[in-house]
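The values are calculated or read from the model by the stated rules, or taken from the named source; none is laboratory data. Quantities reported herein were computed from a predicted structural model and do not represent experimental measurements. Cβ placement follows ideal geometry from the backbone for every residue including glycine, while neighbour counts extend to all protein chains displayed.
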């Protein structure tokens, strides 16, 4: 028998934030900065190596730009430029911090959106491949951070997607069971993370890098965006064991 959904673990970029508006300018600035250090390497080559397709203006859904950590992006670019990966990581981190904080573009009013879900009794979390500090800065600025029981990034020590570690950390923090959790994201890695952890429901959104054709085989539901989640959520979790709330 399936369990009632009590907790929702969201991806950030492409799910809560408009991926193209937030990250494509930052990726370009980062690529230009790294290309300037290397000499003889064009920013366009770095973007292409990271999975950006100039013809479509989109990142491939399984690419490091769409679904990787900042460190993984730095590793790809460092190899192409024959630069030390730590040097590249520091260079791009400055641009990415701006994108995650000051330049973040939400897909909706996240403060109001999360407040409504919390008022209905859902325990909320965010699991992102972005750095934890940058993610927290962005979500706090947008008024969403105060509604979260849990937040982790690719550098938080819980592993990376598509592994189950981030979901396990959400469960450990909140006291929820895997079957009580719904994972919401925009990439195959999000859906595969949820499947690896045995969550109760996997919902893909079409506001990020993944297309319906790519996501549908991996998700229980595919919706236009997070504002369409009502169609796959119960009106209220039933009475029962309360989840433990932590940060």
Residue match in the range 167-174 (condition: in contact (Cβ under 8 Å) with a residue 24 or more places away in the chain, within 22 Å of residue 216 (Cα to Cα) and out of contact with any strand residue (DSSP E or B) (no Cβ under 7 Å at 6 or more places or on another chain)): no
Number of the condition not met by residue 160 [criteria: (1) buried (at least 20 other Cβ atoms within 10 Å of the Cβ); (2) part of a loop (DSSP other than H, G, I, E, B); (3) touching a helix residue (DSSP H, G or I) at 6+ places or on another chain (Cβ under 6 Å)]: (3)
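Let's see how each residue does on (1) outside any helix (DSSP H, G or I); (2) modelled with pLDDT under 95; (3) in contact with a strand residue (DSSP E or B) (Cβ under 7 Å, 6 or more places away or on another chain); (4) closer than 27 Å to residue 32 by Cβ:
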site	(1), (2), (3), (4)
49	no, no, no, yes
61	yes, yes, no, yes
94	no, yes, no, yes
97	no, yes, no, yes
103	yes, yes, no, yes
Given (1) in contact with a helix residue (DSSP H, G or I) (Cβ under 8 Å, 6 or more places away or on another chain); (2) in the same structural domain as residue 154 (by TED's automatic domain parsing); (3) part of a loop (DSSP other than H, G, I, E, B), index of the condition residue 115 fails: (3)
Residue, nearest to the chain's Cα centre (by Cα), within the range 135-151, restricted to residues that are part of a loop (DSSP other than H, G, I, E, B) and farther than 18 Å from residue 121 by Cα: 142
Given (1) in the same structural domain as residue 207 (by TED's automatic domain parsing); (2) assigned to a helix (DSSP H, G or I); (3) surrounded by 18 or more Cβ atoms within 10 Å (Cβ to Cβ), number of the condition residue 125 does not satisfy: (2)
For residue 40: the one exception among (1) within 27 Å of residue 127 (Cα to Cα); (2) surrounded by fewer than 20 Cβ atoms within 10 Å (Cβ to Cβ): (1)
Given (1) part of a helix (DSSP H, G or I); (2) modelled with pLDDT under 95, index of the condition residue 241 fails: (1)
Candidate set from the range 4-47 (those that are free of Cβ contacts under 8 Å to residues at least 24 places away in the same chain and outside any helix (DSSP H, G or I)); member that is nearest to residue 140 (Cα to Cα): 42
